[in-house]
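Heads up, the thing below is written out as structure tokens.
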Amino acid sequence: MRFPNFSHERALYARGFSVVAGTDEAGTGALAGPVVAGAAIVPLGSRMSGLCDSKLLTPTRRKALLREMSGHGIVYASGIVSVEEIAEMNMRTVATLAMARAIQGLEVRPQAVVSDAFRIPGLALEQVPVIRGDRISKSVAAASIVAKVTRDAIMNRLDEEYPGYGFMVHKGYGTASHLEALFRLGPSLIHRMTFAPVKRAAHVDLDAHF
């Protein structure tokens with residue numbers, strides 16, 4: 001596995017920016033639940049190992065790395081866009097809004113940001129969007145872990161509130177088991193009603209009652 005590095009961060013420091021954050025999101029492709037972004041400031045001298053794209057890590061490893069971050073001087077925060085907000089926006093806007101909220105939540109104000117794929121509208125900071133940034137930039141990789149662990153914890157809680165859908169297992173993504181439960185039970189309050197499979201399930205549910 002090729003691990004991310006500090007090449008983009010170093011380039012920004014060389015240009016005079018003294019605090020650089022990375023940001024990434026999780027959950028844009030799910031059928032239920034919020035979109036969550038992470039933001040992280042990883043010191044250039046950090047010796048923390050294992051930071052990489054959260055999708056390449058097991059849940060246990062992701063949680064362990066998140067617990068280690070503060071001890072390595074990493075400052076991080078998360079930003080959330082609710083299901084209700086998602087219904088009013090396109091997913092690119094949702095993703096960048098979540099990232100903006102995560103950056104705004106940082107205790108230390110960054111001067112520049114390395115983002116995963118997209119430039120964040122309205123963010124008055126120097127920005128470097130990097131395609132597949134979570135596999136290239138160490139700061140973005142750290143942010144991806146923050147986003148994924150935070151969102152997984154939210155979905156685990158929602159599994160208790162909305163039992164039967166299996167949110168603890170699939171985290172709201174459109175797996176076969178999720179789709180089966182969706183069409184059997186109908187959409188819950190945390191399903192994204194603008195998404196095609198959820199629309200179809202809602203139609204089936206209405207047909208069953210009228």
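The values are calculated or read from the model by the stated rules, or taken from the named source; none is laboratory data. Everything numeric in this text was worked out from a predicted model, so none of it was measured. Heads up, the Cβs are rebuilt from the backbone with ideal geometry, glycines too, and the neighbour counts pull from every protein chain shown.
Quick one: count up the residues across region 163-180 that are of a type in the set (D, E, K, R) and buried (at least 17 other Cβ atoms within 10 Å of the Cβ).
Selection size over region 163-180: 1.
Given the residues ILE86, ILE131, ILE120, which is the only one that is among the hydrophobic types (A, V, I, L, M, F, W, C), at pLDDT 95 or above and closer than 17 Å to VAL20 by Cα?
ILE120
Restrict the check to region 122-136 and report whether at least one residue is surrounded by fewer than 17 Cβ atoms within 10 Å (Cβ to Cβ), at positive phi, within 16 Å of the chain's Cα centre (by Cα) and in a loop (DSSP other than H, G, I, E, B).
yes
Cβ contacts < 9 Å: first residue in contact (Cβ under 8 Å) with a residue 60 or more places away in the chain, restricted to region 61-87; second residue assigned to a strand (DSSP E or B) and surrounded by fewer than 20 Cβ atoms within 10 Å (Cβ to Cβ), any location; separation 6+ or different chain. Result?
Sorted first by the residue in region 61-87, then by its partner, the pairs are MET69/VAL75.
What is the residue count in region 101-113 for residues that are in contact (Cβ under 8 Å) with a residue 60 or more places away in the chain and either in a strand (DSSP E or B) or more than 12 Å from the chain's Cα centre (by Cα) (or both)?
9
Which of (1) outside the structural domain of THR58 (by TED's automatic domain parsing); (2) surrounded by 20 or more Cβ atoms within 10 Å (Cβ to Cβ); (3) part of a helix (DSSP H, G or I) does LYS199 not meet, given it meets every other one?
All conditions pass for LYS199, except number (2).
Here is a check on your reading of the model: is VAL42 modelled with pLDDT of 95 or more, buried (at least 21 other Cβ atoms within 10 Å of the Cβ) and outside the structural domain of TYR173 (by TED's automatic domain parsing)?
Yes; evaluated as a whole, the condition is true for this residue.
For ALA181, are the conditions met, namely being farther than 26 Å from ALA77 by Cα, assigned to a helix (DSSP H, G or I) and modelled with pLDDT of 95 or more?
Yes; evaluated as a whole, the condition is true for this residue.
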